[in-house]
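Attaching a single structure in structure tokens format; questions to follow.
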Amino acid sequence: MKQQDSPDKSVDARSQDAMCFNQSALKHKWYHNVKYLVVGMLFGIVLVKAEVVNWFRIQEMFRLQSFHMYGVIGTAVVTGIVSVWLIKKFNVKTIYGEPVKIASKTFNKGQIYGGLIFGLGWAMTGACPGPLFAQIGTGSTVVVVTLLSAVVGTWVYGLVREKLPH
Amino acid sequence: MMEAIQQPWPWYVAGPLIGLTVPVLLLIGNKSFGISSSLRHVCAACIPCRIPFFQYDWKKELWNLLFVFGIFLGGAITVGLLSNPPGFQVDAELLKELSGYGHVDYDNLVPEAIFSWRSLFTLRGFIIMVAGGFLVGFGTRYAGGCTSGHAIMGLSNLQLPSLVATLFFMVGGFIMANLVLPLILSL
């Protein structure tokens, strides 16, 4: 099967089951992407400083032994809700003057089955996808294995997704 | 100032900073915050194998790959410049439980006894790192997002499917940490 070149098809395929696909219709030179590298770096620093990438903190969360992770996730969500509300309310534009667009999610059973499966893996590895990258950065080189395994898991999902209940 | 930065940051500082990633990404280029998609883009770039799910122009999502590379750099910078003092408080109950399995090192973010190259070749280490990683990759894609895409971005946009996903993330985590992981750790 040849890859479709029409822009609509491309957006359609990329958005499939993904929260984060490129919404912008603008074309930029590659170096415009460097700003995401900087934001990622700041995000990585926060993850490590907050000990969100710490295996023990994840264990404490799932054993209800510490409020820390609930506090982090809770305040992050509240900050996000207020920010998105403000952006919509005041119709804030991007730095390129585009209106902000956020895709809606439709419910499917994948959020239940997949959510459960990810939860099991999260408590085992003590890491969701973001912290995996941060942990490797902090020098836990063996986490590369976990990351590669996660890539394989994603690939296997793509392979069998037509056969899975959604 | 530097001293304050070098301490571990409390939740009420870290949480809002993490939440601010949502508007920052939206405003600098209309990007919805999400990390697990980067794993999919790696598949699309490296191992598409004619699977329709991976046949798209991953180069349009280059920003996401740079973002996660930034997270990696952020981890390295923190260890190099802003590192927490060694040793940290672990809940006494957890400490007692883990000591029972022979884990006594608490200087690293991840316990050396489980996450090390040496441990990778033990049954316990292999299950936790390889099987655990597989579940993370498979599960996040099946759910359509991870803690960033669903729990932070999705909830920020008041998406009900994201609330469902987040609740099941927690259910899976509780089952693993309390019922299954103790069995794996005692291997």
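Any residue in the range A:80-104 that's at the interface with chain B (Cβ under 7 Å from one of its Cβ atoms): show its pairings with residues that are assigned to a helix (DSSP H, G or I) and of a type in the set (S, T, N, Q) at Cβ separation under 6 Å, as long as the two are six or more apart or on different chains.
Correct list of pairs: A:Gly80/B:Ser156; A:Ile81/B:Ser156; A:Val84/B:Ser156.
Still on this structure, I have one more. Of these, A:Phe90, A:Phe133, which one is aromatic (Phe, Trp, Tyr) and farther than 30 Å from B:Gly75 by Cα? Show your work before the answer.
Values: A:Phe133 fails: farther than 30 Å from B:Gly75 by Cα.
So the residue among A:Phe90, A:Phe133 that is aromatic (Phe, Trp, Tyr) and farther than 30 Å from B:Gly75 by Cα is A:Phe90.
Sticking with this one: Pairs, please: C-beta under 8 Å, at least 6 apart or cross-chain, first residue more than 19 Å from A:Leu132 (Cα to Cα) and in contact (Cβ under 8 Å) with a residue 12 or more places away in the chain and in the range A:106-118, second among the acidic types (Asp, Glu) and part of a loop (DSSP other than H, G, I, E, B)?
Listed by first residue and then by second, the contacts come to A:Gly110/A:Asp17.
Something else: Taking the condition modelled with pLDDT of 90 or more, buried (at least 17 other Cβ atoms within 10 Å of the Cβ) and closer than 27 Å to A:Leu120 by Cβ, does B:Asn64 pass?
Values: modelled with pLDDT of 90 or more: yes; buried (at least 17 other Cβ atoms within 10 Å of the Cβ): yes; closer than 27 Å to A:Leu120 by Cβ: yes.
Yes: the conditions hold for B:Asn64.
List the pairs whose first member sits in the range B:71-92 and is part of a loop (DSSP other than H, G, I, E, B), whose second member is modelled with pLDDT of 75 or more and among the aliphatic types (A, V, I, L, M), and whose Cβ atoms are under 7 Å apart, counting only residues at least 6 apart or on separate chains?
Final answer for the pair search is B:Leu82/A:Ile45; B:Leu82/B:Ile5.
Looking only at residues in the range B:27-65 that are among the small types (Gly, Ala, Ser) and more than 17 Å from the chain's Cα centre (by Cα), which one is farthest from the other protein chains (Cβ to nearest Cβ)? Full working, then the answer.
Step one: filter the range B:27-65 for residues among the small types (Gly, Ala, Ser), giving B:29, B:32, B:34, B:36-38, B:44-45.
Those still in the list that are more than 17 Å from the chain's Cα centre (by Cα) too: B:29, B:32, B:44-45.
Details: B:Gly29: 6, B:Ser32: 5, B:Ala44: 9, B:Ala45: 11 Å.
Once the filter is applied, the top-ranked residue is B:Ala45.
While we're here: Would you be able to say whether some residue in the range A:151-159 is small (Gly, Ala, Ser) and touching a residue at least 60 places away in the same chain (Cβ under 8 Å)? Please lay out each step first, then the result.
Of the residues in the range A:151-159, the ones small (Gly, Ala, Ser) are A:153, A:158.
Still in the list and also touching a residue at least 60 places away in the same chain (Cβ under 8 Å): none.
No: the range A:151-159 contains no residue that is small (Gly, Ala, Ser) and touching a residue at least 60 places away in the same chain (Cβ under 8 Å).
What's the number of the condition A:Val156 fails, among (1) modelled with pLDDT of 95 or more; (2) more than 7 Å from chain B (Cβ to nearest Cβ)?
Condition (2) is where A:Val156 drops out.
From the list A:Lys88, A:Lys93, which residue is touching a strand residue (DSSP E or B) at 6+ places or on another chain (Cβ under 7 Å) and modelled with pLDDT of 90 or more? Even if it seems obvious, please write down each step before you answer.
Details: A:Lys88 fails: touching a strand residue (DSSP E or B) at 6+ places or on another chain (Cβ under 7 Å).
Of the residues listed, the single one that is touching a strand residue (DSSP E or B) at 6+ places or on another chain (Cβ under 7 Å) and modelled with pLDDT of 90 or more is A:Lys93.
Considering each of B:Gly139, B:Gly145 in turn, give the residue that is within 8 Å of another protein chain (Cβ to nearest Cβ), small (Gly, Ala, Ser) and not in a helix (DSSP H, G or I).
Values: B:Gly139 fails: not in a helix (DSSP H, G or I).
When all the criteria are applied, what remains is B:Gly145.
Kindly provide the set of residues from the range A:36-59 that are in a loop (DSSP other than H, G, I, E, B) and in contact (Cβ under 8 Å) with a residue 24 or more places away in the chain, ordered by number.
Taking the range A:36-59 as the starting set, the residues that turn out to be in a loop (DSSP other than H, G, I, E, B) are A:50-54.
Residues satisfying the conditions are A:Val52, A:Val53, A:Asn54.
Further question on the same structure: Go through the range B:124-136 and give me each residue that's within 7 Å of chain A (Cβ to nearest Cβ) and either surrounded by 24 or more Cβ atoms within 10 Å (Cβ to Cβ) or among the aromatic types (Phe, Trp, Tyr) (or both).
B:Ile128, B:Met129, B:Gly132, B:Gly133, B:Phe134, B:Leu135, B:Val136
The values are calculated or read from the model by the stated rules, or taken from the named source; none is laboratory data. Here the structure is a predicted model, which means the values were calculated and not measured. For neighbour counting, all protein chains shown are included, and Cβ atoms are generated from backbone atoms with ideal geometry for every residue, glycine included.
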